[in-house]
1. Pick from the range 486-528 the residues that are among the aromatic types (Phe, Trp, Tyr) and surrounded by fewer than 18 Cβ atoms within 10 Å (Cβ to Cβ): which of them is modelled with the highest pLDDT?
2. Does ALA413 satisfy the criteria of being in contact with an Asp or Glu (Cβ under 6 Å, 6 or more places away or on another chain), within 26 Å of HIS588 (Cα to Cα), surrounded by 15 or more Cβ atoms within 10 Å (Cβ to Cβ) and touching a residue at least 60 places away in the same chain (Cβ under 8 Å)?
3. Within the range 398-410, count every residue that is in contact with a strand residue (DSSP E or B) (Cβ under 6 Å, 6 or more places away or on another chain) and in a loop (DSSP other than H, G, I, E, B).
4. For VAL356, state whether it is more than 30 Å from LEU123 (Cα to Cα) and not in a helix (DSSP H, G or I).
5. Residue by residue through the range 411-460, note down the ones that are outside any strand (DSSP E or B) and more than 26 Å from ALA361 (Cα to Cα).
6. When you scan the range 20-34, how many residues do you find that are crowded, with 22+ Cβ neighbours inside 10 Å and either at pLDDT below 85 or outside any helix (DSSP H, G or I) (or both)?
7. Between residues in the range 474-497 that are among the hydroxyl-bearing types (Ser, Thr, Tyr) and residues that are assigned to a helix (DSSP H, G or I), which pairs lie under 8 Å by C-beta distance while being six or more apart or on different chains?
Amino acid sequence: MSNIKKIIPFIYPYKKYAYLNIFFNVLYALFSTLSFVALIPMLQVLFDKTKANKIKPVYNGLMELKQYAEDYLSYYITTTKGTHESGYVLSVMVVIIISIFLLKNLADYFAMFFINFLRNGVLRDMRNALYKKTLELPLAFYSEKRKGDVISRISADVNEVQNSFLAILELIVKEPLTIVFTIIMMLIISAKLTIFVFIFIPVSGYIISLIGKQLKKQSTKAQQEQGTFLSTIEETIGGLKVVKGYNSENYFNTVFQNSTQRFFHLSNSIGNRQNLASPASEFMGITVIAILLWYGGQMVLIDKSLDGAAFIAYMGLAYNILTPAKAISKASYGVKRGNAAAERVLEILDQENPIVSKPDAIEKITFDNTINIQNINFKYEDETVLKDFSLQIKKGQTVALVGQSGSGKSTIANLLTRFYDVNDGTISIDGINIKDMNLQSLRGLMGLVTQDSILFNDTIKANISLGKLDATDDEIIDALKIANAYEFVSELPLGIYTNIGDSGNKLSGGQKQRLSIARAVLKNPPIMILDEATSALDTESEKFVQIALENMMQNRTSIVIAHRLSTIQKADVIVVMQKGKIVEQGTHDELIAHNGTYNKLVTMQSFES
């Protein structure tokens, strides 16, 4: 129930459709009951069992409603038969029954018509909320979660939650009301027979409930397994070159088939349990009806305490309980599956995002003096990456971070942009702690070019204009020229309107990286962070891009994380890092003269070259 309560806010915008659904479900339940009660007068006319009554009855209140209805019916049939043939009266009864069935089915249609708006609206809003949350959550969340599992939650699990809403509304309104109205009418026809029947109903309910006990647990496992094989698909397609290059098709095929085999067994188990619900409830219902026939038959034939036509209608009403009872048993399993899916959806929606703007966050649109990194410590889970790290970067400086892999260079970029937060210490810009700054304005001050050129399945223009959404074509072309990318873009069939494919796979590695640089150029931020920006370029492209980067970095504060030391020799300050600490700091010439770690790195790269 706690999961259902958390999902109720998604229903609020569509509450009018819920009310309309409930209204028409009430009508459906009423007409469903009346459709069987209307059989009584027809059967009485058919078998000429109507009591003669020429005196019009008087209504004496709700307590005598049953007697009033019987007397008025016999009065109507008696007076009508006096002026018309029996066939006419029978025709009237048939028209009444057809009308009631028509109204019943119209009510059912409109109930389903309005619930569609609610269900599909909830589906859309929940997917939107989940996607928005996936954009907001920090990078650390996705280092622990499989991407395929998140995709599974947004698609399959949300769909399962949406489907369970119909089941809940059936459980709450349509089917229970049908049962309640039917039972009231059964009590009116024969209280004795109804009480006898209800001795057996709790036994039936208990047997049916045993079937669904393990359903939620198995549904959770099935949904987790679905996330696993979706992740396998996503990872396989993303790394298809490695899969093929290492002849690993059979290995990945086996991993995927093992996952789908587990899903196969779980799905069969869940499906078989669900499928057992309907026949089990029907069998128990028929058993109750068989007992009814035996006991009611005695009341009609031996005791003469029940009219034959009323008993036939009563049997129809008793069978009328079976359909909603079957629907409730099926719907209750749907709710269990929906509840398991809701837990997985709510796990993401309820996830706390530690990296957010404070309510009174400072909007900062300019960078004036210094970036100050003071005594910071940071670790990824249990692995310490930076220890008591301090660095000051002045406006207009180009500061290069160098060192072996794992020394913490890229972590500095992640902390400056608040993709992660420091564990201890502070990072401030112009004396303002970045945790006190509005997150969007902080990232607005920075341009980022990463080692992996991240591009999207869209046009070149759309990819570059992420840095400035209202950019003109001329501005985009200027940015491409600075990044030494316009030459190859101009040769494409549609120029900047060419679609570059999934992750830009229609382009070479160097071309993709130059587009990433063009995106940063177009944004024109005061602080530029280049995280191994030229590592994917060939030697010739690197020369052109390096010149472009140097032009771009003039009169701009730049933090360059570099693997190739030849690209940072002109930096104002070179910071040499080792195991999360600064071991050397100075210009290229100063560090070469010092003959320490930096000189060794330069010598090793020169030797490799």
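The values are calculated or read from the model by the stated rules, or taken from the named source; none is laboratory data. A quick note: this is a predicted structure, and the numbers were derived from the prediction, not measured. Cβ atoms come from the backbone with ideal geometry, glycine included; neighbour counts cover every protein chain shown.
1. The first filter runs over the range 486-528 and keeps only residues among the aromatic types (Phe, Trp, Tyr), leaving 486, 488, 497.
Those still in the list that are surrounded by fewer than 18 Cβ atoms within 10 Å (Cβ to Cβ) too: 488, 497.
Working: PHE488: 87, TYR497: 91.
Result: TYR497.
2. Numbers: in contact with an Asp or Glu (Cβ under 6 Å, 6 or more places away or on another chain): yes; within 26 Å of HIS588 (Cα to Cα): yes; surrounded by 15 or more Cβ atoms within 10 Å (Cβ to Cβ): yes; touching a residue at least 60 places away in the same chain (Cβ under 8 Å): yes.
The answer is yes for ALA413.
3. At the first step, the residues of the range 398-410 found to be in contact with a strand residue (DSSP E or B) (Cβ under 6 Å, 6 or more places away or on another chain) are 398-403, 407-410.
Going one step further and asking which of them are in a loop (DSSP other than H, G, I, E, B), we end up with 407-408.
Adding up the residues that qualify gives 2.
4. On the way: more than 30 Å from LEU123 (Cα to Cα): no; not in a helix (DSSP H, G or I): yes.
In short, no.
5. Filtering the range 411-460 down to residues outside any strand (DSSP E or B) leaves 411-423, 430-431, 434-436, 438-445, 450-458, 460.
Matches in the range 411-460: THR450, GLN451, ASP452, SER453, ILE454, LEU455, PHE456, ASN457, ASP458, ILE460.
6. 2
7. Matching pairs, first to second residue: TYR486/ILE477; TYR486/LEU480; TYR497/ILE460; TYR497/LYS461.
Results for (1) in a strand (DSSP E or B); (2) surrounded by fewer than 11 Cβ atoms within 10 Å (Cβ to Cβ); (3) at pLDDT 85 or above, shown as yes or no for each residue.
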| site | (1), (2), (3) |
| --- | --- |
| GLU347 | no, no, no |
| ASP368 | no, yes, yes |
| ASN375 | yes, no, yes |
| PHE378 | yes, no, yes |
| THR384 | yes, no, no |
| LYS387 | yes, no, yes |
